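The values are calculated or read from the model by the stated rules, or taken from the named source; none is laboratory data. It should be emphasised that the depicted structure is a prediction, and the values quoted were computed from it without experimental measurement. Reconstructed Cβ throughout: ideal geometry from the backbone, glycine too, with neighbour counts over all protein chains shown. Surface areas here come from the heavy atoms of the whole protein model, side chains and all, with no ligands, DNA or RNA. Shrake-Rupley method; radii C 1.70, N 1.55, O 1.52, S 1.80 Å.
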Amino acid sequence: MNEALRPTHEIPLEAAASPILSVVVPTFNERDNVTKLYRKLAGTLEGVAWEVVFVDDNSPDGTWEVVRDMARKDSRVRCIRRIGRRGLSGACIEGILASCAPFVAVIDADLQHDETQLPKMLALLRDGSAELVVGSRYIEGGSADSFDKHRAGASALATEVAKRVLGVKIADPMSGFFAVRRDSFEQLAPRLSTQGFKILLDLIATARGRLRTVEVPYVFGSRLHGESKLDSMVALDFLGLVLAKLTNDAVSLRFLMFAMVGGAGLFVHLGTLFIALRFVDLPFTEAQAAGAVAAMTSNFVLNNLLTYRDQRLKGLAILRGLLAFYLICSVGFFANVGVAFSVYRQEPIWWLAGAAGALMGVVWNYAMSGLFVWRKR
Ligand code: GDD
Ligand code: MN
């Protein structure tokens, strides 16, 4: 049977005009913007062999349908529709890796970035002046006047932290608008985080000064249609990225958040225990069990809301996930006590044994939850 599937002759590779620039556009609910952006790209990149890859996270507004329609009419347009995943950085990385031109640019779909800078950015890459060109709001000629006070402050603070803590040299590492050589990017790609939204900062921090970078100014415009997807949770993502890069990728944000949620669980446990003993008058064993169930439940809810918000379980999957989480944590409890016990036997220091047990428990719970509860699809 398999015989028939084997190719009988080599298919020759056609030497069609291959693009010099791949433009990657992450989208989530940008239905009304994508066609306008496409038209603008076509106008500004006249005379350049380009392609555009939209990476859409299965937008409820059907952005991917609009892109698919454009792709039918213009083969320079492509659409990646991702299902079961969310995240700006991951979308950009996937789009870049799915394209082929020697130079790649990332630009938002909502026309806040100035696409007319693209030819200049490409020229700087082509003539070898730079390996990375950043569209910058914070150098002479650029601005972000459309930001409200709150957002401007947050952006400035994040930029300052990135510069001081990670030693980043450029003026606008928080920009989402940049162009890069493919070969440079592909070398760094395996070390980039797919979580979060600061792909440029990640790229710069991971390169550790090895990317020759030039900034070009641009004016950050107002969003055309729809609304921003960045909520206050992005601050956590940012912190996680800084931490990961500081520790050379030893701790991930997810693990950190998982452990923090676990820490909060301890308070839920003690609170429930207190209430069950004092006000419900339960015997200690039952009260302790109630505390454990309450803590596991609140941990599950918090992890689903925060730690795994890009893979949040919904509907019936919540119940299935919760049961699996109970099971995992129960085994984790035995792992915890077991490790604590064996450490204590060798070295009877109560806090060392306790901490070792707790660490074992949290590592177990984290590893197993990633496999069985918030499994990547
Ligand atoms: N595929 C995908 N998945 N795309 C996403 C997601 C996601 O989870 N979240 C946002 N996007 C897309 C949006 O559709 C838009 O095209 C682009 O990413 C930027 O998102 P916005 O929601 O418009 O972000 P912003 O305008 O508040 O912030 C942007 O500009 C800043 C300044 O340049 C982002 O690019 C920031 O990273 C950047 O710092
Ligand atoms: Mn935007």
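Using only Cα atoms and rounding to the nearest 10 degrees, what angle (0 to 90) does helix 284-302 make with the longest principal axis of the chain?
For 284-302 against the chain, the angle is about 0 degrees.
Any of Lys120/Lys198; Lys73/Lys314; Lys245/Lys376; Lys36/Lys376; Lys169/Lys314 with alpha carbons more than 30 Å apart? Name them for me.
Values: Lys120/Lys198 23 Å; Lys73/Lys314 36 Å; Lys245/Lys376 23 Å; Lys36/Lys376 33 Å; Lys169/Lys314 42 Å.
Long pairs (Cα-Cα over 30 Å): Lys73/Lys314; Lys36/Lys376; Lys169/Lys314.
What share of the DSSP beta bridges in the chain is antiparallel, in percent to the nearest 5?
Working: 7 of 29 bridges.
The antiparallel fraction comes to roughly 25 percent.
How long is the gain from Arg312 to Val337 if the chain were fully straight, where each residue apart is worth 0.36 nm and the alpha carbon distance is subtracted? List each step's numbers first, then the result.
Values: separation 25, 0.36 × 25 = 9.00 nm, distance 3.03 nm.
Here the answer is 6.0 nm.
Take the Cβ-Cβ distance between Val293 and Leu352 as r, set R0 to 25 Å, and report the resulting FRET efficiency rounded to the nearest 0.05. Display every interim value, and only then the final one.
On the way: r = 29 Å, r/R0 = 1.15.
According to the calculation, E is roughly 0.30.
Note down the magnitude of the dipole of the chain about its Cα centre, charges +1 on Lys and Arg C-beta and -1 on Asp and Glu C-beta and zero elsewhere, to the nearest 20 debye.
Working: 42 positive and 37 negative charges, 93 e Å.
In total the dipole reaches around 440 debye.
Roughly how big is the range 97-242's charge dipole about its Cα centre, with Cβ charges of +1 (Lys, Arg) and -1 (Asp, Glu), in debye to the nearest 20? Intermediate results must be reported in sequence, preceding the final value.
Numbers: 17 positive and 18 negative charges, 101 e Å.
That gives a dipole near 480 debye.
Within the chain, what's the longest stretch lacking GluC sites (Glu not before Pro) that sit in DSSP loops with no more than 10 other Cβ atoms inside 10 Å? Display every interim value, and only then the final one.
On the way: sites that count: Glu10, Glu14, Glu46, Glu140, Glu227.
Longest site-free region, per DSSP loop and neighbour criteria: 228-377.
Could you work out what % of the accessible surface of the chain is carbon and sulfur, using a 1.4 angstrom probe and leaving DNA, RNA and ligands out of the count? It would help to have the intermediate numbers written out before the result.
Working: 12460 of 20200 Å².
Of the solvent-accessible surface of the chain, carbon and sulfur hold 62 percent.
Of Ser175, Leu97, Gly221, which is farthest along the charge dipole of the chain in the positive direction, counting Lys and Arg as +1 and Asp and Glu as -1 at C-beta?
The one lying farthest along the dipole's positive direction is Leu97.
For the range 239-377, what log10 I(q)/I(0) values come out of the Debye formula at q = 0.10, 0.12, 0.14, 0.18 1/Å, with one point per alpha carbon and no solvent?
Ignoring solvent entirely, the Cα scatterers give -0.38, -0.55, -0.73, -1.10.
Would you mind getting me the FRET efficiency between Arg223 and Met260? Use the beta-carbon distance for r and R0 = 45 Å, nearest 0.05. Intermediate results must be reported in sequence, preceding the final value.
Numbers: r = 33 Å, r/R0 = 0.72.
E between Arg223 and Met260, to the nearest 0.05, is 0.85.
Suppose the chain between Arg345 and Val301 were pulled fully straight at 0.36 nm per residue; how much longer would it get relative to their current alpha carbon spacing?
Details: separation 44, 0.36 × 44 = 15.84 nm, distance 3.59 nm.
Taking 0.36 nm per residue and subtracting the Cα distance, the gain is 12.3 nm.
If r is the Cβ-Cβ distance from Ser143 to Thr247 and R0 is 35 Å, what FRET efficiency results, to the nearest 0.05?
Values: r = 35 Å, r/R0 = 0.99.
With R0 = 35 Å, the Cβ-Cβ based efficiency is 0.50.
Taking a quarter of the surface of the convex hull around the Cα atoms of the range 92-224, what do you get in nm²?
Working: hull surface 31.7 nm².
Computing the convex hull of the Cα atoms and averaging its projections yields 7.9 nm².
In the range 24-117, which chymotrypsin sites (Phe, Trp or Tyr not before Pro) fall in coil by DSSP and have 13 or fewer other Cβ atoms within 10 Å?
Working: sites: Phe28, Tyr38, Trp50, Phe54, Trp64, Phe103; in loops: Phe28.
Of the chymotrypsin sites (Phe, Trp or Tyr not before Pro), not one in the loops of the range 24-117 has a Cβ with at most 13 other Cβ atoms within 10 Å.
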